[in-house]
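Here the structure is laid out as structure tokens; the discussion comes afterwards.
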Amino acid sequence: MDLNYGPEYDAFRQQVRAFIEAHRHLAPPSAARAARPSSEAVQWQKLLIENGYTARTIPAEYGGYGAEPDILKSRIISEEFSQAGVPGGLANQGISMLVPTLLELGTREQKQRWIEPTLKGEIVWCQGYSEPGAGSDLASLKTSARVEDGYFVINGQKIWTSTAKQADMIFCLVRTEPDAPKHRGISYLIFSMDTPGIEVRPLKTMTGHAEFNETFFTDVRVPVDQIVGARGQGWLVANATLGHERGMLGDPGALENRLQALIALMQEERIGQARAIDNPVLRDRLLALQAEVSAMKCNGMRILSNRLKGESGGMAKLIVKLQSCEIAHQISALAIDAMGEMGTLYHGSPREREAGAWQWNYMFQLGLIIGGGTAQIQKNIIAERGLGMPREPKLAKTSDAAKATADTARHKQGSA
Amino acid sequence: MDFGLSQDQQMLRDAVARCLADTCPLDHVRECAELDNPYSDKVLGAVQDLGIPGMLVPEEHGGLGMTLLDAAIVAEQLAYVIAPVPFLASHVLAPIALSEAGSEEQKAQWLPKIANGEARIAVAISETVEARDGAGVSFTGGKLSGTALFCLDFEGADAYIVADVSGRLHLVTADALKLETIRLTTIDRTRSVGELRFEQTEAEPLVDDNGATTARLRDAGRVILAADSLGAGQAMIEKAVDYSGQREQFGRLIGSFQAVKHMCAEMAARHEPCRSLVWYAAHAFDSIPEDASIFACHAKSHTGEVHRFVARTSTEVHGGMGFTDLMGLHYWFKRIGFDRQALGGPETVRAEVAVLQGWIKAP
């Protein structure tokens, strides 16, 4: 057990700190994460890239900083920015999902054309994966793309396309080989959101906001060279990025920030004269969550250490998405309980706390438990890949399942 | 940066696991658990051969001078096979108490004997966590009076280290006059606890450090109980997965049903971060004083919660068989139950964390 990073890294940490201190007045308010970055945010992004504090390992020829991959330095950067409360580099879907995919599987031309403007915040992307009929079973997606005169002609519907309204471009999974087995008939296309035939409708969620959209395609024509990887290989291409998304949803630093916000809330919120944290039942729940978050932080250090040794994260990694989303949700739930009736205030009400953020989080985090691989899918993965348990035998066809359901229904009626 | 076990620690873990797999099968545990004194000479001999009693004894007193993290690794393996041997008090807490607060004479007299297996010391500090049934020991005029409950590693001890109400530690030999010892029988028959009654009993005090060493013993004890819970929980998860991969119902392995699979996944998901938490808590005890008490508490309360869930869920995965004595699953279930309550249940321990962080004043 050695938790020291060593002198080289300690020096690097000092350098990052000094940079943050000297430049924090230039940092945009945390709106850097808005769908379409402000000009301030774009300037900040440029400064961070020049200094190697974002896009660090992306080759300079594609607009990155071009450093050798160094897991600890990347970790130090994110720790220091997070601790200083200063926004780090842009972390939109283009940067966190498309760019790594292009780096791994794009052509040289695609890399040159798309990566740099994406990193700079000039091009905003959205992701076209899920469909109304293809959620957990993503590979059953039906949006079709037939080839006609050097174009893919796309018809169908995507859902959960966050930032589709603001996006310039989409990376999208479509079925190009309708007769192939479902995982081998998919292609990964990239195209402009200005292409005729695309309609975006906001999708209002339980939070009262439209954080997502539905996107409809009617005879959308995309040149055949706007494909990443080969035809029919889209499933493999997409899986390279789904891993990035799951990693994104399970950052122990983010959990720690939520917990610290909850502790601060419970020290400020008053029940009569007493603070919420003086209530022994609420305090006990807070401490139980603190223990959970501590365990996840330690688990995160273990995963980091495994990565440094080039080992897989194993079970420690497999459980991160499930546990992190669940704990984050419980943190929001406790915040609402600690506020009592005040916890119900929302929609910009007088006396509302923190612009209703805790209620919004409580609802939105339920979305995160479901999105990016539902909790139930996560449990299947943990059981099958982590514990080596047998797979669920598959019913041959939907019609068999329908018949089985009908039989059950008859049986129920018969026994009633 | 290396968060995890060193090569040596992995070798230690594997050596202990191999040795216990041979010497401590379930049938042997069953025999031991029927007796008033559950301690197995066979397993104790194997533990002695591995040098475990001397792990935390400083080298100048004939021990190995190892760390609490090393001891936590051993604790996990002992619990994995529910080994009926003394460990927590006699091989962890007593050596720490004597090394940190013993006089030179006390160290010279006891530490070498602990290391070579000639002497075992039981430890009673429960009343410094919470006093039940009016228990508590006072120290006046060089003598102890009162009652200490839940003295750990009780059977066959040659001496007892006891905390008085001020938190100061005292050493009482087993042959002291006016000392009454009463065996307490818990759900967990693989371990031994007892009650000590003093009435103007002769005792040798350890250094008066305002309870600092007793606090260290609570930390160390909680980390080791958390590690024990971890090992027992690991065994219960593995047993559930194995059983569900053999048992067939409705023409299928029950492990292929998502209802069963998800129970196992939930156990694993909650259990796995506990491992890192226990490692860190042990390491903090050894090297990061500002985190030591807080993380010992977190490790203790969190493993207590998680493994109660694991113990119950694993039993359910085994269906009716889990409920019987035939599979012996209940030995792990009870070991986890003991680990949860000993030296403070989750609520008690969490209340301490609130004070340690300055959220509230000490009651």
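Going residue by residue through the range A:272-279, is there one that turns out to be at the interface with another protein chain (Cβ under 10 Å from one of its Cβ atoms) and not acidic (Asp, Glu)? Yes; the residues of the range A:272-279 include at least one that is at the interface with another protein chain (Cβ under 10 Å from one of its Cβ atoms) and not acidic (Asp, Glu). Taking the criterion of being within 23 Å of the chain's Cα centre (by Cα), in a strand (DSSP E or B) and surrounded by fewer than 23 Cβ atoms within 10 Å (Cβ to Cβ), the residues of the range B:124-148 that qualify are B:136, B:147.
Annotation note: Cβ proximity below 7 Å between a residue of the range B:1-16 that is within 23 Å of residue A:71 (Cβ to Cβ) and a residue that is surrounded by 13 or more Cβ atoms within 10 Å (Cβ to Cβ) and among the β-branched types (Val, Ile, Thr) (sequence gap 6+ or interchain) occurs for B:5/B:73; B:9/B:73.
Within the set B:138, B:126, the sole residue that is without any contact (Cβ under 8 Å) to a residue 40 or more places away in the chain and in contact with a Leu (Cβ under 8 Å, 6 or more places away or on another chain) turns out to be B:138. Within the range B:190-213, not a single residue is open to solvent by 50 Å² or more (accessible area, probe 1.4 Å) and closer than 20 Å to residue B:87 by Cβ.
For the range B:71-79, does any single residue satisfy the condition of being closer than 25 Å to residue B:171 by Cβ and in a loop (DSSP other than H, G, I, E, B)? Looking through the range B:71-79, none of the residues is closer than 25 Å to residue B:171 by Cβ and in a loop (DSSP other than H, G, I, E, B).
For the range A:131-237, list the strands (runs of 3 or more DSSP E) that sit wholly inside it and hold at least 2 residues that are of a type in the set (Val, Ile, Thr) and more than 23 Å from the chain's Cα centre (by Cα); which are they? Give the derivation first.
Numbers: elements: A:144-148, A:151-159, A:169-175, A:186-192, A:198-203, A:212-223.
By residue number, A:151-159, A:212-223.
Taking the residues in the range A:68-85 that are in a loop (DSSP other than H, G, I, E, B) and open to solvent by 50 Å² or more (accessible area, probe 1.4 Å) as candidates, determine which candidate is nearest to the other protein chains (Cβ to nearest Cβ). Across the range A:68-85, the extreme among qualifying residues is A:69.
Would you say residue B:236 is open to solvent by 10 Å² or more (accessible area, probe 1.4 Å), within 14 Å of chain A (Cβ to nearest Cβ) and touching a residue at least 12 places away in the same chain (Cβ under 8 Å)? No.
Which one is farthest from residue B:253 (Cα to Cα) among residues in the range A:367-395 that are more than 7 Å from every other protein chain (Cβ to nearest Cβ) and free of Cβ contacts under 8 Å to residues at least 40 places away in the same chain? So, considering only residues that are more than 7 Å from every other protein chain (Cβ to nearest Cβ) and free of Cβ contacts under 8 Å to residues at least 40 places away in the same chain, the one farthest from residue B:253 (Cα to Cα) is A:370. Residue B:246 passes every criterion in (1) surrounded by fewer than 22 Cβ atoms within 10 Å (Cβ to Cβ); (2) touching a strand residue (DSSP E or B) at 6+ places or on another chain (Cβ under 9 Å); (3) in a helix (DSSP H, G or I) apart from (3). Evaluated against (1) open to solvent by less than 40 Å² (accessible area, probe 1.4 Å); (2) without any contact (Cβ under 8 Å) to a residue 12 or more places away in the chain; (3) not polar (S, T, N, Q), residue B:175 falls short on exactly one condition, (1). Every condition in (1) open to solvent by 40 Å² or more (accessible area, probe 1.4 Å); (2) touching a Ser or Thr at 6+ places or on another chain (Cβ under 8 Å); (3) modelled with pLDDT of 95 or more; (4) at the interface with chain B (Cβ under 9 Å from one of its Cβ atoms) is met by residue A:360 except one, and the failing one is (4). I'd like to check something: does the range B:334-353 contain any residue that is part of a helix (DSSP H, G or I), surrounded by fewer than 19 Cβ atoms within 10 Å (Cβ to Cβ) and within 13 Å of another protein chain (Cβ to nearest Cβ)? For the range B:334-353, residues part of a helix (DSSP H, G or I), surrounded by fewer than 19 Cβ atoms within 10 Å (Cβ to Cβ) and within 13 Å of another protein chain (Cβ to nearest Cβ): present. The single condition among (1) open to solvent by 40 Å² or more (accessible area, probe 1.4 Å); (2) assigned to a loop (DSSP other than H, G, I, E, B) that residue A:113 does not meet is (2).
State whether one or more residues within the range A:338-352 are in a helix (DSSP H, G or I), within 15 Å of residue A:268 (Cβ to Cβ) and open to solvent by 20 Å² or more (accessible area, probe 1.4 Å). Yes, that holds for at least one residue. Among the criteria (1) β-branched (Val, Ile, Thr); (2) open to solvent by 10 Å² or more (accessible area, probe 1.4 Å); (3) within 30 Å of residue A:297 (Cα to Cα), the one residue B:324 does not fulfil is (3). Of all the residues in the range B:252-294, those that are open to solvent by 10 Å² or more (accessible area, probe 1.4 Å), more than 9 Å from every other protein chain (Cβ to nearest Cβ), closer than 21 Å to residue B:2 by Cα and small (Gly, Ala, Ser) number 0.
Scan the range A:119-134 and tell me whether some residue there is open to solvent by less than 20 Å² (accessible area, probe 1.4 Å), out of contact with any Phe, Trp or Tyr (no Cβ under 6 Å at 6 or more places or on another chain), more than 27 Å from residue A:38 (Cα to Cα) and among the aliphatic types (A, V, I, L, M). Looking for residues that are open to solvent by less than 20 Å² (accessible area, probe 1.4 Å), out of contact with any Phe, Trp or Tyr (no Cβ under 6 Å at 6 or more places or on another chain), more than 27 Å from residue A:38 (Cα to Cα) and among the aliphatic types (A, V, I, L, M), one finds at least one in the range A:119-134, hence yes. Evaluation of residue B:303 against the conditions (1) of a type in the set (Val, Ile, Thr); (2) more than 10 Å from chain A (Cβ to nearest Cβ); (3) in contact (Cβ under 8 Å) with a residue 60 or more places away in the chain shows that the sole unmet condition is (2). Within the range A:86-100, one or more residues are in a helix (DSSP H, G or I), among the polar types (S, T, N, Q) and in contact (Cβ under 8 Å) with a residue 24 or more places away in the chain. Among the residues of the range A:291-303, those identified as facing chain B (nearest Cβ under 7 Å) and closer than 14 Å to residue B:5 by Cα are A:298, A:299, A:301, A:302.
The values are calculated or read from the model by the stated rules, or taken from the named source; none is laboratory data. Small disclaimer: the values here were computed from a predicted structure and weren't measured. Because the Cβ atoms are built from the backbone with ideal geometry, glycine has one as well, and the counts that use them run over all protein chains shown. These accessible areas exclude ligands, DNA and RNA; they are computed on the full protein's heavy atoms, side chains included. Shrake-Rupley method; radii C 1.70, N 1.55, O 1.52, S 1.80 Å.
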